[in-house]
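Trainee: Quick one: the structure is below, and I'll ask about it shortly.
The values are calculated or read from the model by the stated rules, or taken from the named source; none is laboratory data. Remember, it's a predicted structure, so these values are computed and weren't measured experimentally. Note: ideal-geometry Cβ built from the backbone for every residue, glycine included; neighbour counts use all protein chains shown. These accessible areas exclude ligands, DNA and RNA; they are computed on the full protein's heavy atoms, side chains included. Shrake-Rupley method; radii C 1.70, N 1.55, O 1.52, S 1.80 Å.
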Amino acid sequence: MTGATGNIGRMVVDELLALGADTVRALTVDPARAALPARVEVARGFLGRPATLPAAYANVDVLYLAPHLPTAAEACRLAADAGISRIVDLAGPKGAHWQGIEDAVEACGVPFTHLEPGEFMSNATLWARQIKTGDVVRDTCGDAVNAPIAQEDVAAVAARVLLSDVHAGRSYELTGPEALSRRQKVELIGQALGRELHYVELPRDEAIAELTQDMGAHAAWYVDGQQSLREHPQAAVPTVPALTGRPATTFLTWARKHANLFQDS
Ligand SMILES: NC(=O)c1ccc[n+]([C@@H]2O[C@H](COP(=O)([O-])OP(=O)(O)OC[C@H]3O[C@@H](n4cnc5c(N)ncnc54)[C@H](OP(=O)(O)O)[C@@H]3O)[C@@H](O)[C@H]2O)c1
């Protein structure tokens, strides 16, 4: 397990243990801080420092590759050298930002399974500042539609795919259970909080100014991405229930579970 203390990686560790995985080895720069469960073997290192990988890879059968683009190619070559039999990589939609991960995996020649989640529900925390301070969410492309996924579901899929070779050679597009507009997501967060939130549509430049407070220099890139989503909405696909045997988490369920993210502590 690389990225074993990450947002998704740490949940993959727990899922693997719950599913009865024989041996789980986790990579971390700081084993003491990581405080992983006692049943987990801990290796010291980081994907971004490839020199740390050969020792961590020794005798590994299947590798979970966390998304770290700068050293993905070297991490994959070293996995091939170590005789790893399959790589399960966390990337993103084909042709998008994370494509370099899939390219690196395929170039190294090791059998693979690609996990291709779309937007994470947790990206909605982009609105947390506004929701903590009032009932209005100023945003743009309110009618842009996609089917965001809970990171918990990505982890549940990853663990099951790691444990079964039937997934070799497959790419799995992963989404949540429902396609939602940005306006609907804001309404659902309000429902989870027991509040009525009002969505206010802004023109591009004003939206960039608003969202720069939350995401800095990425705001323009993000807003333009929403514009493109308006033209190419993302539909929900049934891969999460098919691979986990349980329904994918709805946005409302996610928002209720993580309501604290939108409230002052
Ligand atoms: N569709 C999408 O939106 C999409 C798709 C793919 C990926 N992503 C992104 O990828 C992330 C998913 O991966 P994840 O959350 O499981 O893992 P992650 O946030 O990428 O973290 C991986 C781990 O790498 C380790 N690390 C050590 N040194 C580091 C350094 N200098 N910089 C970064 N990490 C370092 C950290 O563990 P230690 O400190 O214990 O070593 C960290 O917990 C998401 O948060 C998301 O932003 C998004």
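Trainee: Can you give me the number of residues within segment 27-44 that are part of a loop (DSSP other than H, G, I, E, B) and more than 8 Å from the ligand (Cβ to nearest atom)?
Mentor: 5
Trainee: Somewhere in segment 193-209, is a residue closer than 24 Å to LYS94 by Cα and touching an Asp or Glu at 6+ places or on another chain (Cβ under 6 Å)?
Mentor: Within segment 193-209, the subset closer than 24 Å to LYS94 by Cα is none.
No, segment 193-209 contains no residue that is closer than 24 Å to LYS94 by Cα and touching an Asp or Glu at 6+ places or on another chain (Cβ under 6 Å).
Trainee: So is LEU47 more than 8 Å from the ligand (Cβ to nearest atom), under 19 Å from VAL110 (Cβ atoms) and modelled with pLDDT of 95 or more or not? Explain how you work it out, then say what you get.
Mentor: Numbers: more than 8 Å from the ligand (Cβ to nearest atom): no; under 19 Å from VAL110 (Cβ atoms): yes; modelled with pLDDT of 95 or more: yes.
So LEU47 fails the test.
Trainee: Taking segment 76-93 only, how many residues are of a type in the set (A, V, I, L, M) and surrounded by fewer than 17 Cβ atoms within 10 Å (Cβ to Cβ)?
Mentor: 1
Trainee: Taking helices (runs of 4 or more DSSP H) that do not extend beyond segment 138-216, which have at least 2 residues that are more than 16 Å from the ligand (Cβ to nearest atom) and either open to solvent by less than 10 Å² (accessible area, probe 1.4 Å) or assigned by TED's automatic domain parsing to the domain that holds GLY3 (or both)?
Mentor: The helices (runs of 4 or more DSSP H) meeting that bar are 182-193, 204-215.
Trainee: Quick one: how many residues across segment 12-26 are at pLDDT 95 or above, open to solvent by 20 Å² or more (accessible area, probe 1.4 Å) and either within 8 Å of the ligand (Cβ to nearest atom) or more than 21 Å from ALA75 (Cβ to Cβ) (or both)?
Mentor: 6
Trainee: Go through segment 77-96 and report how many residues are within 12 Å of the ligand (Cβ to nearest atom) and in contact (Cβ under 8 Å) with a residue 12 or more places away in the chain.
Mentor: Of the residues in that region, 6 qualify.
Trainee: Out of segment 60-109, which residues are assigned to a loop (DSSP other than H, G, I, E, B), aliphatic (A, V, I, L, M) and farther than 21 Å from ILE8 by Cα?
Mentor: Of everything in segment 60-109, those that are assigned to a loop (DSSP other than H, G, I, E, B), aliphatic (A, V, I, L, M) and farther than 21 Å from ILE8 by Cα turn out to be ALA82, ILE84.
Trainee: Of the residues THR28, THR5, THR52, THR23, which single one is among the polar types (S, T, N, Q), over 27 Å from GLY118 (Cβ atoms) and under 20 Å from the mean Cα position of the chain (by Cα)?
Mentor: Just one listed residue meets the conditions, THR28.
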